[in-house]
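First the structure, in the form of structure tokens, and then the observations on it.
The values are calculated or read from the model by the stated rules, or taken from the named source; none is laboratory data. From a predicted model like this one, the values you see are computed outputs, not experimental measurements. Cβ placement follows ideal geometry from the backbone for every residue including glycine, while neighbour counts extend to all protein chains displayed.
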């Protein structure tokens, strides 16, 4: 089946679109035009791919996880090591791509929003590398949870603006970034960090991340001379997952699984499992599944991971969910933290808590697999930034410290 | 009684001479659920020609801090779409002033676009302004609105092209909302707005010829309104009105003070 989404209006089935104030329409049209030009511009493509190789450190490794495989005793598990990218997560692929686009468009000021801080760090890094002014919006609660990344962004020369409204997390940081963009649209480029927002952002961000899936495909061909049976990735907005899945969408034998943060459980109010629990609506410029109440007011999402507690999800994931090309499941905070420990102890890799959600789904999937099958988990980021949360979690689980 | 669908048009048809039409924005349910109807009736008595009734949304990304605040208060007060329709029905018992519902598309989608348009029209609503459903996405609601006799008012901004202004004019009914500055809602210094607005209004006049033109964003006094709206059919005030309520509420005199402010917005400082 040929996969061609999105259409010209930026729709993946009924999801996507450009639900933005009038002022942003000319900016989106300008962006779309510039982006389309870069697709066929060998100079731009070369610069982007050279940077991915020389600066980001691509291709990232595909690592056979022998002890994790032994632990489950079923299919072989491989890890796509996006945690080995410069700055420690896949986010840098997109930040570099969008910054090159901003340069091409002659914009001189960069803004971004960030939840866990990985996109903020990636954007601040790209801005430092090319000498751009950079303002990062971040929820006050996330700044507390992800202090290390706040310090990194500031050291890289970015201004981090604390957002005190609403839930003080990614949703509200995004509102503030959009308000800034509306006000300064003439000279400002907004680097959106996930496959969300108005068209062309979801398409553009996906395409800057498709390198993850393309590399996985050719690496696995070299190592195993075959395609994988299962791909697993965590999904908040869904950028690492879509970059990983996209090159495999037409390969119908490859089963794909997106793992959402269910928080305290998808059947509770303390959850971020948008596809499991949400219904279609419009937030931050596009139509997609959302967590909202019966009046259409956006609900606060909960997850132990600052990167996943977003009440929306990318429109393409909404489409892939409806068409059942990708299956989505929620795992709880507890399951994710168990996975942090398991992967750290068996593989010597401390995953980001976001990534640990993908690993946690192995408990459900692996008993259903066969020994001759192959599972690839996208290791979207490393856990250094989460050490405070991780330490506190396990300290609390073991009871109060003595003395 | 005039028919519903012509109420907005009548306002412009019936204006005399150089009179500027004044449209006032108030968030439904702010500062409390009980006051909205009294505020609308009082605005009319003190010079308002049109009412824009805000449907509160948790994430109003085109709004500045003032309307964000009012929206949050209204949501905490328990505003619902049904209650907004009840408010309109209550106004309709006493007044024919055109009422335009203004808000974001998500609560409308959640309510159901068809049901929303039908119930709004039945309650006595005259038009809709949905800032995050621009021309590109207007098909989500335009047919249902038209079928129910509701005007849809689209916006033009200083960075809209001439060609786009013409398209907005062709698809709007009621009036065209001219956003005077690139930015979010909020009161600004009159001079700040005036600086950028002159060239913009000139282009609006060249391109928007079917509908009347009201200019909004940033107006906070009669003098601002006079200066900014002088080449258009009138002006819209929102954040400054909410600021005026916020200043005194819940003191005993708050409503009287707000009405005095409204009167001054329309007619200027009438001495003696």
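Some points to look at:
- Region B:233-269, residues that are over 22 Å from residue B:50 (Cβ atoms) and out of contact with any helix residue (DSSP H, G or I) (no Cβ under 6 Å at 6 or more places or on another chain): B:246, B:247, B:249, B:250, B:251, B:252, B:253, B:256, B:269
- One residue stands out in region A:259-274 among those that are crowded, with 23+ Cβ neighbours inside 10 Å and over 19 Å from residue A:192 (Cβ atoms): the one that is farthest from the other protein chains (Cβ to nearest Cβ), namely A:259.
- Residue in region A:168-196 that is farthest from the other protein chains (Cβ to nearest Cβ), counting only those that are over 20 Å from the mean Cα position of the chain (by Cα) and part of a loop (DSSP other than H, G, I, E, B): A:187
- Test result for residue A:68, over 20 Å from residue A:48 (Cβ atoms) and assigned to a helix (DSSP H, G or I): yes
- Residues that are part of a loop (DSSP other than H, G, I, E, B) and either in contact with a strand residue (DSSP E or B) (Cβ under 9 Å, 6 or more places away or on another chain) or not assigned by the TED database to the domain that holds residue A:319 (or both) within region A:259-268 comprise A:264, A:265, A:266, A:268, listed in sequence order.
- Residues that are touching a strand residue (DSSP E or B) at 6+ places or on another chain (Cβ under 9 Å), within 19 Å of residue A:15 (Cα to Cα), within 14 Å of chain B (Cβ to nearest Cβ) and in contact (Cβ under 8 Å) with a residue 24 or more places away in the chain, drawn from region A:275-309: A:278, A:280, A:282, A:283, A:284, A:286, A:287, A:288, A:289, A:298
- Matching residues in region B:96-124 - criterion: being more than 17 Å from the chain's Cα centre (by Cα) and not in a helix (DSSP H, G or I): B:112
- Residue check, residue B:84 more than 29 Å from residue A:182 (Cα to Cα) and either within 12 Å of another protein chain (Cβ to nearest Cβ) or not in a helix (DSSP H, G or I) (or both): no
- From the list A:364, A:294, the one residue that fits, being surrounded by fewer than 24 Cβ atoms within 10 Å (Cβ to Cβ) and part of a loop (DSSP other than H, G, I, E, B), is A:294.
- Residue-level analysis places residue B:72 among those that are farther than 23 Å from residue B:171 by Cβ, at pLDDT 95 or above, within 14 Å of chain A (Cβ to nearest Cβ) and assigned to a helix (DSSP H, G or I).
- Failed criterion for residue A:214 (all others in (1) surrounded by fewer than 20 Cβ atoms within 10 Å (Cβ to Cβ); (2) under 21 Å from the mean Cα position of the chain (by Cα); (3) part of a loop (DSSP other than H, G, I, E, B) hold): (3)
- Every condition in (1) within 23 Å of residue A:93 (Cβ to Cβ); (2) buried (at least 24 other Cβ atoms within 10 Å of the Cβ) holds for residue A:251 except the one numbered (2).
- Among the residues of region B:146-159, those that are more than 18 Å from residue A:28 (Cα to Cα) and over 17 Å from the mean Cα position of the chain (by Cα) comprise B:146, B:147, B:148, B:149.
- Test: residue B:128 is more than 14 Å from chain A (Cβ to nearest Cβ) and closer than 30 Å to residue A:184 by Cβ: yes
- Qualifying residue in region A:340-347 (condition: in contact with a strand residue (DSSP E or B) (Cβ under 8 Å, 6 or more places away or on another chain) and either within 19 Å of residue A:238 (Cβ to Cβ) or outside any helix (DSSP H, G or I) (or both)): no
For (1) more than 19 Å from the chain's Cα centre (by Cα); (2) surrounded by fewer than 18 Cβ atoms within 10 Å (Cβ to Cβ); (3) closer than 22 Å to residue A:181 by Cα, each residue gets a yes or a no:
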{"residue": "B:161", "(1), (2), (3)": "yes, yes, yes"}
{"residue": "B:198", "(1), (2), (3)": "yes, yes, no"}
{"residue": "B:214", "(1), (2), (3)": "no, no, no"}
{"residue": "B:219", "(1), (2), (3)": "no, no, yes"}
{"residue": "B:226", "(1), (2), (3)": "no, yes, no"}
{"residue": "B:251", "(1), (2), (3)": "yes, yes, no"}
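- Any hit, region A:217-231, residues being within 12 Å of chain B (Cβ to nearest Cβ), touching a residue at least 24 places away in the same chain (Cβ under 8 Å) and assigned to a strand (DSSP E or B): no
- The helices (runs of 4 or more DSSP H) found wholly in region B:167-272 and carrying at least 3 residues that are within 14 Å of another protein chain (Cβ to nearest Cβ) and modelled with pLDDT under 90 occupy B:190-207.
- The set of residues in region A:14-29 that are touching a strand residue (DSSP E or B) at 6+ places or on another chain (Cβ under 8 Å), within 8 Å of another protein chain (Cβ to nearest Cβ) and touching a residue at least 24 places away in the same chain (Cβ under 8 Å) comprises A:17, A:18, A:19, A:21, A:23.
- Given (1) at negative phi; (2) surrounded by 15 or more Cβ atoms within 10 Å (Cβ to Cβ), number of the condition residue B:174 does not satisfy: (1)
- When restricted to residues that are crowded, with 18+ Cβ neighbours inside 10 Å and either over 23 Å from residue B:209 (Cα atoms) or within 13 Å of chain A (Cβ to nearest Cβ) (or both), region B:141-158 contains 9.
- Criterion (outside any strand (DSSP E or B) and within 14 Å of chain B (Cβ to nearest Cβ)) met by exactly one of A:33, A:54, A:37: A:33
- Listed conditions (1) away from every other protein chain (no Cβ under 11 Å); (2) buried (at least 24 other Cβ atoms within 10 Å of the Cβ); (3) farther than 26 Å from residue A:29 by Cβ are all met by residue B:116, apart from (1).
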